[in-house]
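Student: Take this structure first; my questions come after.
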Amino acid sequence: MSNLPNCPKCNSAYVYEDGAFLVCPECAHEWAHETESESDEKVVKDSNGNILQDGDSVSVIKDLKIKGTSSVIKIGTKVKGIRLVEGDHDIDCKIDGFGAMKLKSEFVKKI
Ligand SMILES: [Zn+2]
């Protein structure tokens, strides 16, 4: 029962299901209940708020130290063909000279 969203109008948590609809008892707002196509697909955005997709090319917006090494991925490094993954570091990619890498989307911008 706790998986229902809050009311989009008044943000009430006391939303209940009524058939295919969700109903808010506080402001009487009703809206369609999206059961099937759960749109929980994570949207990954770059530092500018642009939505990133698999296969995009990005550039690094700050020097990134690679853990456990003295290597640094320099600002402006271009990364082609990124792949979005779950997790704290949400971009999986290969960087020339570095190999397979995981980056955070907040440190890149789409190019
Ligand atoms: Zn409401």
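All of the numbers you see were taken from the coordinates with simple rules; none came from a lab. What you see is a predicted model; the values in this text were computed from it and never measured. Reconstructed Cβ throughout: ideal geometry from the backbone, glycine too, with neighbour counts over all protein chains shown.
Student: Within 10 Å, Cβ to Cβ, of Ile73, how many net charges do the neighbouring residues add up to if Lys/Arg are +1 and Asp/Glu are -1?
Tutor: Numbers: positive: Lys62, Lys65, Lys74; negative: Asp63.
Residues near Ile73 contribute +2 overall.
Student: Would you mind calculating the gained length between Tyr16 and Lys104 on full extension (0.36 nm times residue separation, minus the Cα-Cα distance), in nm to one decimal?
Tutor: Details: separation 88, 0.36 × 88 = 31.68 nm, distance 3.73 nm.
That works out to 28.0 nm of additional length.
Student: Which entries of Lys42/Lys67; Lys65/Lys104; Lys42/Lys94 show an alpha-carbon separation above 24 angstrom in the structure shown? Please report the intermediate quantities before stating the final value.
Tutor: On the way: Lys42/Lys67 26 Å; Lys65/Lys104 12 Å; Lys42/Lys94 22 Å.
Cα-Cα > 24 Å for Lys42/Lys67; rest within.
Student: About the Cα centre, and with charges only on the beta carbon of Lys, Arg (+1) and Asp, Glu (-1), how big is the dipole of the chain? Nearest 20 debye, please. Don't jump to the answer; show the numbers that get you there.
Tutor: Numbers: 15 positive and 19 negative charges, 250 e Å.
It comes to approximately 1200 debye.
Student: If you take all C-alpha pairs in the range 21-111, what percent of them are over 15 Å apart?
Tutor: Details: 2588 of 4095 pairs.
It works out to 63 percent of all Cα pairs.
Student: Moving to a separate point now. Please identify the chymotrypsin sites (Phe, Trp or Tyr not before Pro) of the range 22-111 that satisfy two criteria: DSSP loop assignment and at most 10 other Cβ atoms within 10 Å. Which are they?
Tutor: none
Student: Applying a 10 Å radius around every beta-carbon, put 87-93, 7-13 in order of their mean neighbour count, most first.
Tutor: Details: 87-93: 15.6, 7-13: 13.7.
Highest mean packing first, the order is 87-93, 7-13.
Student: With unit charges on the beta carbons (Lys and Arg positive, Asp and Glu negative) and the dipole taken about the Cα centre of the chain, which residue among Ser105, Val72, Cys10 sits farthest to the positive side?
Tutor: Val72
Student: Under 8 Å for C-alpha pairs, at least 6 residues apart: give me the relative contact order for the range 43-111, rounded to a whole percent.
Tutor: Numbers: 148 pairs, mean separation 25.4, N = 69.
Relative contact order here is 37 percent.
Student: What length, rounded to one decimal in nm, is gained on full extension from Lys94 through to Ser70, with 0.36 nm per residue of separation minus their alpha-carbon distance?
Tutor: Working: separation 24, 0.36 × 24 = 8.64 nm, distance 1.81 nm.
Additional length available on full extension: 6.8 nm.
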